[in-house]
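Before any comments, here is the structure.
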Amino acid sequence: MNTFLKINKKTLIILLISISIFFLVLIFFKNINKIKNQENITMTNPKFDILNPLFTINNDKEKISVSAKHGDFLSENLILLKNNVFFESENFQIESDEVIFNRKQQIANSDENSIFKSEGTEINSEGFRMLNKGDIILFNGKTSLLLDK
Amino acid sequence: MKFLIITIIFLSAQISARELGQTEITTDEGIEVFKQEKYYLLKKNVEIISDEFKLNADLVKAFFNEGLYDVVRIDSTGNVILKSNRGIKAIGERVDFNVKDEDIKIYGNKSLLITNEMEMKSDGFIKVNNKSGLFSLEGENNTLTNQDVYISGYFINGSFIKFEEINEIENLFVEDQIEINIKTETLDMYSLKAKYNKKNNIIELFENVKIIRDKESIEGDYAIINTLTESYKVTSTNANKVKVLLKEKREEEDE
């Protein structure tokens, strides 16, 4: 008589179920590792660190909101703001495409074309630097200022 | 032809973005905005064009009043040239221009100010208020000239009035430790001090007075000259001191 025929039917089912569970567990862990690896790639090589970053500079006279579409952390305090970067207060607005903003010192620096607008005032420059919490703004390079009384 | 005219108009519009009533400022090395101190610092090859004036300089500090647009004073240094459509031309190492009061101060060597046919030169300081007509020059090589008169002296103060688009001297005070000179078409006058008043058409000369007319020369301590009749009287504290030279005239008469 064939030895296989000697195996208990119940034992065989348990064996098959055990093997199936083992494979299922194996496949599950493999997938989890795969997902984990994917997550790690996303974290170590992101397109940007912050989406729609928003900061505020407060000085004695006004509150300046800093916003952009994207922001990348260059260090703990330095953030590279990209695309539609706006510095806005009740009195003025500065628009640029790329600005490095220091959160701690509240200094902004840009080497990209910038437009400053205030009541009756427009400044077009090749970059700008904002100091003293916005009290001093330096516009770099060839610059034009249009005043309209 | 039409196309050419349209092209020229279009190009002109492209060259200057400025519209009527606007002031356009351009710089080569940027603009610094100091909001609390209320001024702009404009750096290198600065050009300011408005309806009223045009200014070129190396460095400009432009002070604003209420808003950033309200520039009230322009303090410029380095190769400054200011031209206004009210007949002012100012050239100097430094020009401090009060836009609203039309007050102009020019500092440095070869300072020059021309205002409606009146020309002022100085190696020191020129100050003119185009509204009130008050002017003041202080320094070496000061001269003031208009169509009728040439004046030189270390201190020249006075006022002018506008008459048919020409500035005429209304009051004048001139002083110099060495010599002042007032020259008209007919008279050449020297002294240490001089006063002029247009109202009574009188020039007064004080100390080391010398008046030259044609070929005659007269010297004394004090002179009073009527600019209308061109008559004058020279006196001296010492009665014998008045000296008249008619030598050349006599020689001419002999001939």
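The values are calculated or read from the model by the stated rules, or taken from the named source; none is laboratory data. These numbers were taken from a predicted model, which means no experiment stands behind them. So basically every Cβ, Gly included, is an ideal-geometry build from the backbone, and we count neighbours across all protein chains shown.
Highlighted here are the strands (runs of 3 or more DSSP E) found entirely within segment A:96-149 that include at least 2 residues which are among the hydroxyl-bearing types (Ser, Thr, Tyr): A:114-118, A:121-125, A:143-148.
Number of residues in segment B:22-53 that are β-branched (Val, Ile, Thr) and facing another protein chain (nearest Cβ under 7 Å): the value is 6. When B:Ile74, B:Ile81, B:Ile49 are checked against the criterion of being touching a strand residue (DSSP E or B) at 6+ places or on another chain (Cβ under 6 Å) and surrounded by 17 or more Cβ atoms within 10 Å (Cβ to Cβ), a single residue qualifies: B:Ile74. For segment B:173-211, residues that are of a type in the set (S, T, N, Q) and touching a residue at least 40 places away in the same chain (Cβ under 8 Å) total 2.
When restricted to residues that are more than 25 Å from the chain's Cα centre (by Cα) and closer than 10 Å to B:Asn171 by Cα, segment B:197-211 contains 0.
The residues of segment B:164-199 that are among the acidic types (Asp, Glu) and over 17 Å from B:Ile224 (Cβ atoms), listed by number, are B:Glu164, B:Glu165, B:Glu168, B:Glu170, B:Glu175, B:Asp176, B:Glu179, B:Glu185. Within segment A:50-74, being more than 16 Å from A:Asp135 (Cβ to Cβ) and surrounded by fewer than 13 Cβ atoms within 10 Å (Cβ to Cβ) holds for A:Leu51, A:Asn52, A:Leu54. Among the residues of segment A:69-88, are any within 11 Å of another protein chain (Cβ to nearest Cβ) and at pLDDT below 95? Among the residues of segment A:69-88, not one is within 11 Å of another protein chain (Cβ to nearest Cβ) and at pLDDT below 95, which makes the answer no. Screening B:Asn142, B:Asn146, B:Asn116 for residues that are crowded, with 23+ Cβ neighbours inside 10 Å, over 8 Å from the mean Cα position of the chain (by Cα) and of a type in the set (S, T, N, Q) leaves exactly one candidate, B:Asn142. The sole residue among B:Gly92, B:Gly124, B:Gly133 that is surrounded by 18 or more Cβ atoms within 10 Å (Cβ to Cβ) and over 15 Å from B:Glu165 (Cα atoms) is B:Gly92. Check segment A:54-63 and report whether any residue there is at pLDDT below 90 and within 14 Å of the chain's Cα centre (by Cα). Yes, that holds for at least one residue. Restricting attention to segment A:98-141 and to residues that are at the interface with another protein chain (Cβ under 7 Å from one of its Cβ atoms), in contact with a strand residue (DSSP E or B) (Cβ under 7 Å, 6 or more places away or on another chain) and not small (Gly, Ala, Ser), the residue that is surrounded by the most Cβ atoms within 10 Å (Cβ to Cβ) turns out to be A:Phe139. Taking the conditions (1) among the polar types (S, T, N, Q); (2) part of a strand (DSSP E or B); (3) within 14 Å of chain A (Cβ to nearest Cβ) in turn, B:Asn79 satisfies each one other than (3).
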